[in-house]
1. Are any residues in the range 275-296 farther than 13 Å from residue 144 by Cα and in a loop (DSSP other than H, G, I, E, B), and if so, which ones?
2. Need pairs with beta-carbon distance below 7 Å; first residue part of a strand (DSSP E or B) and within the range 174-186, second among the charged types (D, E, K, R) and within 16 Å of the ligand (Cβ to nearest atom); sequence gap 6+ or separate chains.
3. Somewhere in the range 130-141, is a residue touching a Lys or Arg at 6+ places or on another chain (Cβ under 7 Å) and either within 16 Å of the ligand (Cβ to nearest atom) or assigned to a helix (DSSP H, G or I) (or both)?
4. Do we find that residue 223 is modelled with pLDDT of 95 or more and either among the charged types (D, E, K, R) or within 16 Å of the ligand (Cβ to nearest atom) (or both) in this structure?
5. Cβ-Cβ distance below 7 Å, separation of 6 or more or different chains: which pairs start in the range 99-125 with a residue that is under 16 Å from residue 174 (Cα atoms) and end on one that is in a helix (DSSP H, G or I) and small (Gly, Ala, Ser)?
6. Give 188, 245 a once-over and let me know the one that is crowded, with 19+ Cβ neighbours inside 10 Å, closer than 19 Å to residue 15 by Cβ and of a type in the set (D, E, K, R).
7. Looking only at the range 201-215, which residues are surrounded by fewer than 18 Cβ atoms within 10 Å (Cβ to Cβ) and either aliphatic (A, V, I, L, M) or near the ligand (Cβ under 8 Å from one of its atoms) (or both)?
8. Output the residue which, of all residues in the range 72-86 that are modelled with pLDDT of 95 or more and part of a loop (DSSP other than H, G, I, E, B), is surrounded by the fewest Cβ atoms within 10 Å (Cβ to Cβ).
Amino acid sequence: MKLLVCGGAGYLGSHLCVTLLQVGHDVRVYDDFSTGTRRALARAEAITGRTLEVVEGDVRDGARLRPALAGVHAVLHLAAKKSVAESARRPDAYRDNNVGGTIALLAAMRAEGVRRLVFSSSAAVYGDATVVPVPEQAPLRPTSVYGRTKQHMEQVVAERAAAWPEFAAVSLRYFNPVGAHPSGRLGESPRGEPDNLMPRLARAAGTRGASLRVFGGDYPTPDGTCVRDYVHVQDLAQAHAAAIECVVRSDGGVTTLNLGTGRGTSVLQLLHAFEQASGRRIPYEIVDRRPGDIAA
Ligand code: WQD
């Protein structure tokens, strides 16, 4: 099929493009390159030996989105800002880009009659889970601006589905994406200073004298550090390819699915696993909790 991947130049987006090209789809990437890179797209093409069509544009720009939707069978929407920490510092930018972008994209899809969507949501919508592993039916109590924008994006998708009977969507709530393409030619290489744990571990391991700051050691968890469900980016990419097949067969409405392993890993467990895998020691110090973080 002809697919439009909004945010295809990002960490997950570029790995997703590799999988979609390898499955045989034709892929058009729509990205503003605010955080994603053309280098990632070039790597995706080199790995697959296939070419990507690229449209540079802002996901809030309906006039630019509409021609990009020409001939498209389904859209994958991954174009959003995703740092929990940054969202606390820049709430308006997150609401405008994440929620505003989703409204613009869905309006353009309606105008062009593109009626299938795979939507990138987040486990951040659950907030501090009472039941772990978290079921999809768990109440949504996001504790971060980022998580609240993802909840609002889900509501925009649900409202579109209610108003457009032929529209079908699969909403995927990711836990913590980590890892790289097995070729080693594509991975997580964020611009500037990353907020996420895994790229910070990688930088600490590769920088002489660097140490990792562990945000909080007094959480109600086995070793006092936060627990997360780290899920491999390749598994997430394959799940999106499967979601495309699911949404094409769907006769309407929104299906919501958690994407995770169902197993939690603490910050210190991840750090020690990284040390074992890399053969590098990573010094660390336990410091104050980070605002907005949840225990598990
Ligand atoms: C993980 C743990 C930190 C850095 C992520 C994504 C977000 C969404 C939800 C998909 C926390 C701790 C971190 C450091 C640390 N994913 N940490 N020292 O906050 O779970 O959010 O998952 O939608 O987009 O960002 O991930 O990697 O920032 O933090 O101790 O230097 O590692 O406190 O407990 P988080 P993270």
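The values are calculated or read from the model by the stated rules, or taken from the named source; none is laboratory data. Note that this is a predicted model, so its numbers are computed, not measured. In this analysis, Cβ positions are derived from the backbone assuming ideal geometry, glycine residues included, and neighbour counts consider all displayed protein chains.
1. Once the filter is applied, which keeps residues that are farther than 13 Å from residue 144 by Cα and in a loop (DSSP other than H, G, I, E, B), the range 275-296 yields 279, 280, 281, 282, 283, 288, 289, 295, 296.
2. That search, which allows pairs on different chains as well, returns 176/228; 176/229.
3. Initially, the range 130-141 is screened for residues touching a Lys or Arg at 6+ places or on another chain (Cβ under 7 Å), giving none.
There is no residue in the range 130-141 that is touching a Lys or Arg at 6+ places or on another chain (Cβ under 7 Å) and either within 16 Å of the ligand (Cβ to nearest atom) or assigned to a helix (DSSP H, G or I) (or both).
4. On the way: modelled with pLDDT of 95 or more: yes; either among the charged types (D, E, K, R) or within 16 Å of the ligand (Cβ to nearest atom) (or both): yes.
Yes; evaluated as a whole, the condition is true for this residue.
5. Note: pairs meeting the criteria are 118/243; 122/147; 124/147; 125/147.
6. Details: 245 fails: crowded, with 19+ Cβ neighbours inside 10 Å.
Exactly one residue qualifies, and that residue is 188.
7. Initial filter on the range 201-215 (surrounded by fewer than 18 Cβ atoms within 10 Å (Cβ to Cβ)): 203, 206-211, 213.
Residues satisfying the conditions are 210, 213.
8. 73
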